[in-house]
Amino acid sequence: EDNHLLVVEKPVNLPVQADSSGDEDLLSLLKAYLRERYGKPGEAYLGLVHRLDRPVGGVMVFAKTSKAAERLSAQFNSHEAKKRYAAIVSGRPDAQEYLTDWLYKDETTFSSRVVPKGTNGAKEARLSYALLGQAEKTALLDIELYTGRPHQIRVQLLHAGYPIFGDQRYEPSQEPGAQIRLLAYYL
């Protein structure tokens, strides 16, 4: 933490911001932390400049000032901000791969899917991965994200034939109740 930024590790299964579940959320917890730490009356400002899916844990940055929020948002929008993830997937992926797909977000189901290029409402999604280790049925991947689409890593790896272990939304046939094996470890 400094005067401009607050960097935290988001716990798994905690929403980044308030949603219809009414569950405790990270943004509200951090605003309460700022109010208490600095004795701020009323609402503390904290800019949300990127997100992680609820079941995914890992590093996040928040802006403590509107100027910092503006600058961070510009870095995320221009892809100057670099994000890396570790994932355990099913299958036997190549040693390295660069994936480009077109994703469509279904607002009624809050899910995404790969669609043909040119599909109305679809957005380009790009990532690369490197194989870090291979077991009999699973592999450990280091993933670099170049675009930030909803559920991008989960959907692109599933489409490539390497579903993320424990992803109950996109691969419900996997072990019931398993925690998704996806972690944002670098920002």
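The values are calculated or read from the model by the stated rules, or taken from the named source; none is laboratory data. Model, not experiment: these values are computed from the prediction. All Cβ positions, glycine included, derive from the backbone under ideal geometry; neighbour counts span all protein chains shown. The protein model used for the area step is the full one, side chains on, heavy atoms only, and it has no ligands, DNA or RNA in it. Shrake-Rupley method; radii C 1.70, N 1.55, O 1.52, S 1.80 Å.
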## Note on the structure
Within region 108-117, residues being of a type outside the set (A, V, I, L, M) and either modelled with pLDDT of 95 or more or over 21 Å from the mean Cα position of the chain (by Cα) (or both) number 4
### Task
Could you please give the count of residues in region 118-132 that are within 19 Å of Glu171 (Cβ to Cβ) and either more than 18 Å from the chain's Cα centre (by Cα) or among the polar types (S, T, N, Q) (or both)?
0
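Which ranges mark the strands (runs of 3 or more DSSP E) fully within region 118-187 that have 2 or more residues being touching a Pro at 6+ places or on another chain (Cβ under 8 Å), modelled with pLDDT of 90 or more and open to solvent by less than 30 Å² (accessible area, probe 1.4 Å)?
Answer list for region 118-187: 138-145.
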## Note on the structure
Selection over region 31-71 where residues are without any contact (Cβ under 8 Å) to a residue 40 or more places away in the chain and touching a Leu at 6+ places or on another chain (Cβ under 9 Å) yields a count of 10
### Neighbours by Cβ (under 6 Å, 6+ apart or cross-chain): first from region 91-114, farther than 17 Å from Glu171 by Cα; second surrounded by fewer than 14 Cβ atoms within 10 Å (Cβ to Cβ) and polar (S, T, N, Q)
Tyr104/Thr119
### Task
Give region 12-27 a look and list any residue that's in contact with a helix residue (DSSP H, G or I) (Cβ under 9 Å, 6 or more places away or on another chain) and surrounded by fewer than 13 Cβ atoms within 10 Å (Cβ to Cβ), or say none.
Gln17
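For region 1-107, which fully contained strands (runs of 3 or more DSSP E) count at least 1 residues that are modelled with pLDDT of 95 or more and of a type in the set (D, E, K, R)?
Numbers: elements: 5-10, 57-63, 83-90, 96-106.
The strands (runs of 3 or more DSSP E) meeting that bar are 5-10, 83-90, 96-106.
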### Message
Looking at region 101-140 only, could you name the residues that are in contact with a helix residue (DSSP H, G or I) (Cβ under 9 Å, 6 or more places away or on another chain) and under 22 Å from Phe76 (Cβ atoms)?
### Response
Asp101, Leu103, Ser112, Ala125, Arg126, Leu127, Tyr129
### Query
Which residue pairs have Cβ atoms under 6 Å apart, sit 6 or more places apart or on different chains, and have a first residue in region 122-143 that is closer than 15 Å to Leu158 by Cα and a second that is open to solvent by 70 Å² or more (accessible area, probe 1.4 Å)?
Ala125/Arg149; Ser128/Tyr98; Leu140/Leu132
### Query
Does Asp101 meet the test of being of a type in the set (Asp, Glu), open to solvent by 60 Å² or more (accessible area, probe 1.4 Å) and either more than 30 Å from Lys137 (Cβ to Cβ) or within 18 Å of the chain's Cα centre (by Cα) (or both)?
no
